[in-house]
Amino acid sequence: MRKTAKIISTATAIAALMGSLSLAPIHTASAAEKEMTPVEKGKKIAFDRKKGNCLACHSIAGGSMAGNMGPPLVAMKARFPDKGKLRAQIWDATKANPNTAMPPFGRHKILSEKDIDLITEYILTL
């Protein structure tokens, strides 16, 4: 391939890539999301079937179609007086129980560190 043709081919590929990136949806927080408290944001993530999906296994007050594989999330402040232990449980439950069915949300990068922090804030209110 001649040098000029290679440069044109590369430039065309870059232009196509840039064009496709401009079509990608950009998530910006709405005004309502910006005004949400950390607990409200955590609840939204926990109930989101594509993110935390806590309701797949746990019964949570206010949730619909809850699972029963995991324990109901009640009296969480009494069960986890140390907030760090609750966060660690969400981050990687296999450390406390290697046979758990709970996915290691942090270790496997299923959720971001920020999302785990927000879910922890919410779960402690239950």
By the Cα gyration tensor axes a ≥ b ≥ c (a/c under 1.5 gives rounded; else a/b larger than b/c gives prolate, otherwise oblate), the shape of segment 35-123 is rounded
Partner lysines whose C-alpha sits under 16 Å from that of LYS51, ignoring same-chain residues fewer than 8 away, are LYS41, LYS43, LYS109, LYS114
Env charge @ LEU73, Cβ radius under 13 Å, K,R +1 / D,E -1, value +3
For GLU40, the net charge from surrounding residues (Cβ-Cβ under 14 Å; K, R +1; D, E -1) works out to -2
Relative contact order as a percentage, segment 35-123, C-alpha pairs under 8 Å and 6+ apart, gives 33
Length gained, GLU33-VAL74, 0.36 nm per residue minus C-alpha separation, equals 12.2 nm
Around GLY52 (Cβ within 14 Å, Cβ-to-Cβ, excluding GLY52; K/R +1, D/E -1) the net charge comes to +3
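We did not get these values from a lab; they are worked out from the coordinates using the rules stated. As the structure is a computational prediction, the values presented were derived from the model and not from experiment. For neighbour counting, all protein chains shown are included, and Cβ atoms are generated from backbone atoms with ideal geometry for every residue, glycine included.
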